[in-house]
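Report on the structure given below.
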Amino acid sequence: MMQNIMRFRTGLIVGGGIGFWTGGFFGLLFGAAVGWYINRWLINLVLGEKSPQALFFKATFAVMGKVAKADGRVTEHEIQFARDVMLRMRLDDAKKRQAMVYFAEGKAADFDLAAVLRPLSLLIQRRSAVKIMFLEIQLQAAMADGEISPNELKVIQQVCTFLKMSQEDMNQLLSRMQAQQSFQGQQTSEESLEDAYQVLGVSATVDDPALKKAYRRLMSQHHPDKLVAKGLPPEMMLLAKEKTQEIQAAYDIVKTARKQ
């Protein structure tokens with residue numbers, strides 16, 4: 001019940017406000033009820049019978065296909081990345097086939113990005129952590145062959161527009177993801193420390209309290225249970241857990257360096 005109230009709270013608040021203004025306390029109750037039902041009807045009209053998890057699952061692999069095809073051809077690295085995501089999600093055979101169908105749809109020349117992302121945007125418009133998780137997966141897909149091309153970046157920017165994510169937020173996320181990719185590779189301890197700071201989204205000059213605050217914020221954003229409660233498919237809990245492990249590893253490196 002509480003989840004439904006939060007999902008349709010916009011209609012409840014608007015309807016309640018109008019009702020209170022026109023009819024006092026009883027008007028507030030009546031207006032809130034009407035607003036809640038109208039809000040629910042509109043959202044269900046757009047989403048149809050699909051659950052939040054089903055929408056996220058389809059969008060993840062369809063947009064991944066769109067990103068992979070952005071340069072005109074899908075590379076083996078990009079195909080392997082999609083397979084790796086399916087493996088890390090521990091999908092059964094039926095789910096794998098469905099993911100491959102969505103990936104193929106995304107590669108098609110007539111693929112309608114808006115048709116997939118508008119319902120998802122409506123669903124997660126106030127769930128910034130879920131948006132970030134979705135964009136992180138797409139950025140990883142774009143970087144599967146080592147770098148993000150201009151055409152791939154253009155698709156990512158279109159995704160951000162549909163999900164109402166600002167250019168500044170996208171740039172910050174991109175910087176973190178590039179640092180994370182470098183952080184996972186073989187490098188010197190000095191390079192590893194520099195990337196660790198970027199993974200945490202802070203500079204090396206930040207003080208300890210601000211460092212801890214950034215670390216805790218990222219850990220909270222990627223907490224698997226919280227993300228699933230907000231609409232992330234349960235199969236993607238392992239991906240979220242991997243993110244928390246990467247964030248933890250970066251934080252440990254920084255803490256160790258600061259004690260020396």
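M165 fails exactly one of the following numbered conditions: (1) over 14 Å from the mean Cα position of the chain (by Cα); (2) farther than 23 Å from V85 by Cα. What is the number of that condition?
Evaluating M165 over (1) over 14 Å from the mean Cα position of the chain (by Cα); (2) farther than 23 Å from V85 by Cα leaves (1) as the failure.
Out of the stretch 137-153, which residues are among the small types (G, A, S), over 17 Å from A179 (Cβ atoms) and assigned to a helix (DSSP H, G or I)? Give the derivation first.
The initial filter retains those residues of the stretch 137-153 that are among the small types (G, A, S), namely 141-142, 144, 146, 149.
Remaining after also requiring over 17 Å from A179 (Cβ atoms): 141, 149.
The one that is among the small types (G, A, S), over 17 Å from A179 (Cβ atoms) and assigned to a helix (DSSP H, G or I): A141.
Does the stretch 209-219 hold any residues that are touching a residue at least 24 places away in the same chain (Cβ under 8 Å) and surrounded by fewer than 19 Cβ atoms within 10 Å (Cβ to Cβ), and which are they? Talk me through it step by step, then tell me what you get.
So the first thing to find is which residues in the stretch 209-219 are touching a residue at least 24 places away in the same chain (Cβ under 8 Å), and the list is 211, 215, 218-219.
If the condition is that a residue be touching a residue at least 24 places away in the same chain (Cβ under 8 Å) and surrounded by fewer than 19 Cβ atoms within 10 Å (Cβ to Cβ), then M219 is the only one that fits.
Here's the yes/no breakdown for (1) under 16 Å from the mean Cα position of the chain (by Cα); (2) small (G, A, S):
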{"site": "A108", "(1), (2)": "no, yes"}
{"site": "D112", "(1), (2)": "no, no"}
{"site": "V116", "(1), (2)": "yes, no"}
{"site": "A141", "(1), (2)": "yes, yes"}
{"site": "N151", "(1), (2)": "no, no"}
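Could you list, in sequence order, the residues of the stretch 238-253 that are among the hydroxyl-bearing types (S, T, Y) and either surrounded by fewer than 17 Cβ atoms within 10 Å (Cβ to Cβ) or in a loop (DSSP other than H, G, I, E, B) (or both)? Break it down stepwise before answering.
Going through the stretch 238-253, the residues among the hydroxyl-bearing types (S, T, Y) turn out to be 244, 251.
Scanning the stretch 238-253 gives a single hit, T244.
Does the stretch 225-235 contain any residue that is touching an Asp or Glu at 6+ places or on another chain (Cβ under 8 Å), surrounded by fewer than 18 Cβ atoms within 10 Å (Cβ to Cβ) and closer than 28 Å to V67 by Cβ?
Among the residues of the stretch 225-235, not one is touching an Asp or Glu at 6+ places or on another chain (Cβ under 8 Å), surrounded by fewer than 18 Cβ atoms within 10 Å (Cβ to Cβ) and closer than 28 Å to V67 by Cβ, which makes the answer no.
Could you count how many residues in the stretch 221-237 are among the aliphatic types (A, V, I, L, M), part of a helix (DSSP H, G or I) and closer than 14 Å to E136 by Cβ?
First, the residues of the stretch 221-237 that are among the aliphatic types (A, V, I, L, M): 227-229, 232, 236-237.
Okay, now just the ones that are also part of a helix (DSSP H, G or I), so 227-229, 236-237.
Adding the requirement that they be closer than 14 Å to E136 by Cβ leaves 227, 236.
Count: 2.
Please specify each residue of the stretch 154-174 satisfying the condition of being crowded, with 16+ Cβ neighbours inside 10 Å and either part of a loop (DSSP other than H, G, I, E, B) or not assigned by TED's automatic domain parsing to the domain that holds L117 (or both).
Those that are crowded, with 16+ Cβ neighbours inside 10 Å and either part of a loop (DSSP other than H, G, I, E, B) or not assigned by TED's automatic domain parsing to the domain that holds L117 (or both): L163, M165.
Which residue, of V63, V34, V14, V46, is modelled with pLDDT of 90 or more and among the β-branched types (V, I, T)? Outline the logic, then answer.
Values: V34 fails: modelled with pLDDT of 90 or more; V14 fails: modelled with pLDDT of 90 or more; V46 fails: modelled with pLDDT of 90 or more.
Of V63, V34, V14, V46, the one residue that is modelled with pLDDT of 90 or more and among the β-branched types (V, I, T) is V63.
Quick check on this structure: which one of A94, A82, A114 is among the aliphatic types (A, V, I, L, M), surrounded by 18 or more Cβ atoms within 10 Å (Cβ to Cβ), assigned by TED's automatic domain parsing to the domain that holds A240 and in a helix (DSSP H, G or I)?
Values: A94 fails: surrounded by 18 or more Cβ atoms within 10 Å (Cβ to Cβ); A114 fails: surrounded by 18 or more Cβ atoms within 10 Å (Cβ to Cβ).
That would be A82, the only listed residue that is among the aliphatic types (A, V, I, L, M), surrounded by 18 or more Cβ atoms within 10 Å (Cβ to Cβ), assigned by TED's automatic domain parsing to the domain that holds A240 and in a helix (DSSP H, G or I).
The values are calculated or read from the model by the stated rules, or taken from the named source; none is laboratory data. Owing to the predicted nature of the structure, the values given are computational and were not obtained by experimental measurement. Neighbour counts are summed over all protein chains in view; Cβ atoms, including those assigned to glycine, are modelled from backbone coordinates with ideal geometry.
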